[in-house]
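Notes follow once the structure below has been shown.
The values are calculated or read from the model by the stated rules, or taken from the named source; none is laboratory data. Note that the coordinates shown come from a computational prediction; the quantities given were computed from them, not determined experimentally. Because the Cβ atoms are built from the backbone with ideal geometry, glycine has one as well, and the counts that use them run over all protein chains shown.
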Amino acid sequence: MDPADPPGDPAAGDPAAGDTDPAGNSTGSERRCTGQDPLLFQQALQTLWSTRELRQLREEAWRGFAALDDPLTGLLDMLEGSQAWQRKGPSLEAWVVCELHRWLQARPLPAPARHSSRLQQLQARAVRVLARSPPSLVEPLVSIFQLQDADRSPLLTHIHQLHQEGKFKEAVVLGSRLKLQPALDVEKMCTPLLLQDRVSLVERYVAGFPDLQRRLLALLDSWCRPGFDIGVVARQHPQVTSRLERLSPRVLSRRVLSQLERLGLDPALCPNAATQQRLAALRYLCYKRFVERSMSQENWVDHVQGLVGREEWPQETVVQLLASPGNEAVAAQCALGLSVPEEQLPATVAAELRRLELQERVAGAPLEDRKGDYYQLPIAREDIHFLASWEDLARHEEALLQPGQVVGVDVEWRPSFGTGGRPQASVMQLAVEGRVFLMDLPVLSRPAGGQVSKAFSRLVSRLLSDPSVTKLGYGLAGDLRSLGASCPALAHVEKQLRGGLDLLRVHRQMRVVNMPAGGTYEARGLRGLSLLVQQVLGKPLDKTQQLSNWDRRPLSEGQLVYAAADAYCLLEVHQALNREPASFSLSEDLARSLQPGCSERPGAREPPRLQEASALPWQVPVAEREDAAPEVPARAFRVVCDNMLQGLARSLRCLGADVRVLGTNEDHRRAAEVARQEGRIILTSGLPYHKLRAQVGAGRCLWVDCSLKARQQAKAVLRHFNVRVTHADIFSRCQACNCDQYLKVSKDTMKQLVRLSSRPEGPSITGDEATQSEDIQEAGWAPEEAPGGCTYDPPCRWLEAADLRAGAPATLASGTRLQLAGVPEGVLRRPGLRHFYCCSGCGKVFWEGSHLCRVTSQFSQILSSASSSWKQS
């Protein structure tokens, strides 16, 4: 119930007028409020509040407001004498605030002088109340006490006091509510919250103030400069519990550039963030060329020179930026590709460059010699038509609009690697039986409204809206959105589509029965359309030209053939699936395969889908697969993750695995040392995968795609190494520090610890925040009955007095400080909550919640049905 809007209609007329009997005498209800004692007034309201007679309560309140000498002082006395209104849920005090606000709007009191000492005293008290008030009371309190017109000095003083006390969130929220942001130092106010990874709150704080937004972006950009150590900033704020792992330059640069785009600001305002994005793009290009070997030398040089030229960096500077410890081999290959003189390179890179030159610079067979391993376009080169004029369109219009035919549709654009705005579509491919038409979009769609543009948009609209023509695509909706964003005349082309069939959705419904010997397709690095072509036609697509410069004219021969194959393979896949749909567990009518329940097999609980791992691009050679490896218990599975896999690490710890994570500033080579010393497996997303694998041996290093969600990564890792996870393993380790030793604390003892500790770690968390805080939701264990009939309870012992350091009730004897500030007051009052669990490693506090059920559901496919070894209660 919202305290500002209680159920029940107010009495007709003016409630302040009071009730009278037929003789005109006042009723007893009015007589109760004729006194001017605020305490008696509050007691009368409390009696009615307990009976929930809200209509009578409103009448009583309005009469009481009129009878009181000073309703504003009475309201402050009521709020300062109680804390019930600060908590979540309805309270009499919160209701009185909103009702007094309504009453004042109906019949305002004589206002004190604007700068009178009495009003200033009331406003000073109101500011302290406002700092603790829930959001629903901010507007009425500001209006009642005229805080919008108050002297700014005491308001600012109070905000600074909150900040000095470590109540950073409260200071920022109060400053926002009073619109005092321009008078406050944005760096001072926001830095502690940024260190806590509360970036969204900070962005709301500066919203509506363009100058503050620019200053905030400048601050974040300064944290993105090469060599900057965020730890220096964290040490200047020792009272802040920092989350530095989420403040890496790569993460910050993405957020900065995203804000720049959203606000429509020039990226030149944040040069360091732009530099980080360029470096990330360069590293990605080096990985595609030198590790994955899926990009030709020509395309690689074209993109790298584009990035270098855009930033006007000398080529030797690019190599130096890439030459971080552990990446010398990639930097040397980059220097080789850019022909950077050896004397301009760091010594380690120059030595690696000489080694490459001795090996004739290129390792392995040229990409061109492997064409026979890929899908081959079955039509002649002269049947690929490049359309770039009105005459070209007119010549081939009849072939494209033939009723009843099947057309493959695809779109290509120049990749931006996150360094610019949305890429513009460059080529649209339309494949029909025996021919492919490549549309030159920059020529055919611009200028908008020209003769050629009108002819092109008319042809495409007629083709896509004809229900008799089957339009095939793979991710068709995304291609059409890209086309509409690039061609203004086709802005709504996605809505015009009739007769479309997205083979991506068919792919998800497929079930591949005959898997190849030696491992799954995805173990070979196949995904998307290339994986579908492999599964249906026997050979994958050659993706060498996928990341080429599609804006270049004329297109190279390789680009023309690649673009044609990308569209024509859709026709052949469609034909093969129609010939043998049962081989892939599909309906004879492929369109029906997309309808719910149409492809259900008897006894299946849900429609058959490609196994989730089929879409996961694990770059592991087939020979290293552990499909036949012996089963490993989750708690015996030991890995070390690089610092880009924080989410995966938390997911694996959640399932009981022993996971170490490299620190933000630790080099990749440290992973090999840890793996050798502690017998761990390396999980990495970085370029040094091959180098690390060589140091720890086959089967002890796995490359993980950072573009996947942590849950997907965890499932594939556990399946890859044949890890057995039971319900007893869930939350057997602390997700924050990897410790597997907990101390059980009764609710009464926890209440006592919270009171004694006086919450030194920082501001408390309110009940509202407890329902929204991601950290708290992650901390909850569920008391529900688990499969097997046992209640989940992690293996631990009860907290004893000897476990606490003398004189420090919130500190364990080991020196670990319990994180009691993270325990909301509402949780301590929750009925049915039996006890809490404290991690003996980091002091994080957990309690019973709903997160275990969610985790069990998310990982149900890999959970073993073995009986639980956790204690029953």
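A few points about this structure:
- Members of the range 157-196 found to be of a type in the set (Asp, Glu), modelled with pLDDT of 90 or more and part of a helix (DSSP H, G or I), listed by number: Glu187
- Residue count, the range 620-643 (criterion: closer than 27 Å to Glu292 by Cα and modelled with pLDDT under 80): 10
- Listed by position, the strands (runs of 3 or more DSSP E) inside the range 427-512 whose residues that are in contact with a Lys or Arg (Cβ under 7 Å, 6 or more places away or on another chain) and modelled with pLDDT of 90 or more number at least 1 are 500-502.
- Condition met for Pro154 (under 37 Å from the mean Cα position of the chain (by Cα) and surrounded by 13 or more Cβ atoms within 10 Å (Cβ to Cβ)): no
- Lone unmet requirement of (1) modelled with pLDDT under 90; (2) within 27 Å of the chain's Cα centre (by Cα) for Val142: (2)
- Condition met for Cys839 (modelled with pLDDT of 75 or more and farther than 25 Å from Lys167 by Cβ): yes
- Hits in the range 552-575 (condition: modelled with pLDDT under 90 and over 18 Å from Ile384 (Cβ atoms)): none
- Exclusive hit being assigned by TED's automatic domain parsing to the domain that holds Asp302, free of Cβ contacts under 8 Å to residues at least 60 places away in the same chain and out of contact with any Gly (no Cβ under 9 Å at 6 or more places or on another chain), set Leu201, Leu282, Leu265, Leu220: Leu282
- Residue within the range 258-267 that is in a helix (DSSP H, G or I) and of a type in the set (D, E, K, R) present: yes
- Residue match in the range 115-125 (condition: at pLDDT below 75, of a type outside the set (Asp, Glu) and within 17 Å of Asp77 (Cα to Cα)): no
- Only residues that are under 18 Å from Ala563 (Cα atoms), within 31 Å of the chain's Cα centre (by Cα) and not in a helix (DSSP H, G or I) were counted in the range 526-541, giving 1.
- If only residues of the range 662-680 that are hydrophobic (A, V, I, L, M, F, W, C) and either surrounded by fewer than 21 Cβ atoms within 10 Å (Cβ to Cβ) or free of Cβ contacts under 8 Å to residues at least 24 places away in the same chain (or both) are counted, the one that is nearest to Gly227 (Cα to Cα) is Leu662.
- Among residues of the range 392-411 that are in contact (Cβ under 8 Å) with a residue 60 or more places away in the chain, those with a beta-carbon under 8 Å from a residue that is basic (Lys, Arg) and part of a helix (DSSP H, G or I) at least six positions away or on a different chain give the pairs Leu401/Arg462.
- Only listed residue being in contact with an Asp or Glu (Cβ under 7 Å, 6 or more places away or on another chain) and over 22 Å from Pro90 (Cβ atoms), chosen from Leu156, Leu162: Leu162
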